[in-house]
Amino acid sequence: MKRRLTLAMGLVNSPRLLFLDEPTSGLDVQSNLIIRDVVTDLVREGVTVFLTTHNIEEANIMCDRVAIINKGNIVAIDAPESLKKTIQSMQSIEVSFDHNSADQLDELRRLPMVNNAQKEGDKFKLYTEDPSEVIDAMMAYAHVHNLKVISITTLGPSLEDVFIRLTGLQRAGDGVRAID
């Protein structure tokens, strides 16, 4: 309620420019959607909204332009889709099997053309420059290990992937680490 009240207070004077710092941080899903709808309506009405967030997916959904800042410096600024195109060669495949085991992540990392793999919930995400080659190898892997593929999705680079690439971070197993 405090976040909603703060937003309402900021709108009392019908501003043309509104600064929001982490407006959805710590909110439940319903409140988050309400804040997003209000911001979307404001933008349609011609209000410029300057949003700061650590939630990259929120920036991807809510913003027309995104600035990626690293150590106080702007390293990129553009529309989210344009930023994603800067690393278009980085694509990924998300796959879910009917059975998971601890060995699968290491085995999937060793498939031909897989640059990296990580486990995300009940899915595996494999990074590659050649999705069709990896899908063929993954289906062969599933057949050999008697696994049923529950879902498979090919994805272009995410805004998070762009952030990681541009800030000198890289995925390491299940985490993110800085590269020197």
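Taken together, the values in this text are just the output of simple stated rules run on the coordinates, not laboratory data. This structure is a prediction, so every number in the text was calculated from the model and none was measured. Heads up, the Cβs are rebuilt from the backbone with ideal geometry, glycines too, and the neighbour counts pull from every protein chain shown.
Mind checking whether some residue in region 38-53 is within 16 Å of the chain's Cα centre (by Cα), free of Cβ contacts under 8 Å to residues at least 60 places away in the same chain, surrounded by 17 or more Cβ atoms within 10 Å (Cβ to Cβ) and farther than 22 Å from P15 by Cα? Within region 38-53 (the criterion being within 16 Å of the chain's Cα centre (by Cα), free of Cβ contacts under 8 Å to residues at least 60 places away in the same chain, surrounded by 17 or more Cβ atoms within 10 Å (Cβ to Cβ) and farther than 22 Å from P15 by Cα), the answer is no, since none of the residues qualifies.
Does N32 satisfy being polar (S, T, N, Q), in contact with a Ser or Thr (Cβ under 7 Å, 6 or more places away or on another chain) and not in a loop (DSSP other than H, G, I, E, B)?
The answer is yes for N32.
Of the residues that sit in region 142-170 and are part of a helix (DSSP H, G or I) and in contact with a Pro (Cβ under 9 Å, 6 or more places away or on another chain), which one is surrounded by the most Cβ atoms within 10 Å (Cβ to Cβ)? Once the filter is applied, the top-ranked residue is V162.
Filtered by the rule that a residue be over 11 Å from V134 (Cβ atoms) and in a loop (DSSP other than H, G, I, E, B), region 81-118 gives T86, I87, Q88, S89, M90, D98, H99, N100, S101, A102, D103, R110.
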